[in-house]
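Here is the structure we will look at.
The values are calculated or read from the model by the stated rules, or taken from the named source; none is laboratory data. All values reported here derive from a predicted model rather than from experimental measurement. Please note: Cβ atoms are built from the backbone with ideal geometry, for glycine as well, and neighbour counts cover all protein chains shown. Note: areas computed on protein heavy atoms with side chains; ligands, DNA, RNA excluded. Shrake-Rupley method; radii C 1.70, N 1.55, O 1.52, S 1.80 Å.
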Amino acid sequence: LDPGAPELHVIPRRKEAAQLQMGGAELGLVVDALIDGAIIGEYTPKGQPKLDVVLRAVTGDNQLLPDAPALLSAPVATPSGRTVPLGALAKIEERLGPSVIRHLERRRSITLTVSPPKTWPSKTPSKRYATTSSGASRQKARFQPVSSSA
């Protein structure tokens, strides 16, 4: 099995963030800006197509922040008026990500294959379900019954 590529997981320190009046949405925007930029608006010059306005954190030589220690030490202005390093608001864990990300109609998807026990009669139909998740809403789709054959 391919273990996948390493990825960084930013885990909020909720208690500390709350003390600095930093909510989850604000912290998410900061992390987006620190990692690869966050779209914060649009600009449309007269007679030109719309352009995204991107907030992006860079080093002194105009490069993206290179690693987890640089992210953790990046300064963050909080709604309380204080400036603290990101490490005061969140911790970072390095984990292995998926080796392949599959998509169904441009949305991430997973496939589950379930085999019924061999004790089930072969004429007993089983049902296949697919569940997709998009933000806060979950949708369940039911497919046609399939018979289990050994």
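Rg and Dmax of the range 1-54, Cα atoms, in Å?
16.8, 53
Report the Cα-based extents of the range 40-100 along its three principal axes, largest first, to the nearest Å.
The principal-axis extents, from largest down, are 45, 42, 24 Å.
Considering only protein heavy atoms, what is the solvent-accessible area of ARG82 at a probe of 1.4 Å, reported in Å² to the nearest 10?
140 Å²
Determine which aspartates and glutamates satisfy two conditions relative to LYS50: a Cα distance under 15 Å, and not lying fewer than 8 residues away in the same chain.
Those aspartates and glutamates meeting the cut-off are GLU42.
When the dipole is taken about the Cα centre of the range 1-102, and only Lys, Arg (+1) and Asp, Glu (-1) are charged at their Cβ, what size is it in debye, to the nearest 20? Could you put the intermediate results ahead of the total?
On the way: 10 positive and 12 negative charges, 74 e Å.
It comes to approximately 360 debye.
Between LEU55 and ILE39, what length comes free when the chain is fully extended (0.36 nm per residue of separation minus the Cα-Cα distance, one decimal in nm)?
5.1 nm
Return the long-range amide H neighbours of ARG13 (sequence gap of 5 or more, or a different chain), with a cut-off of under 5 Å between placed amide H atoms.
So ARG13 has HN proximity to ALA90, LYS91.
Under a point spin-label approximation (7 Å from Cα along Cα-to-Cβ), what is the ALA5-SER115 distance to one decimal in nm?
Using points 7 Å along Cα→Cβ, the separation is 3.4 nm.
Can you compute the FRET efficiency between SER73 and ALA18 using 1/(1 + (r/R0)^6), with r the Cβ-Cβ distance and R0 = 22 Å? Round to the nearest 0.05.
On the way: r = 22 Å, r/R0 = 0.99.
In this case the efficiency is close to 0.50.
Cross-link partners among aspartates and glutamates for LYS91, C-alpha distance below 19 Å, same-chain residues fewer than 8 apart left out?
GLU7, GLU16, GLU26, ASP32, ASP36, ASP67
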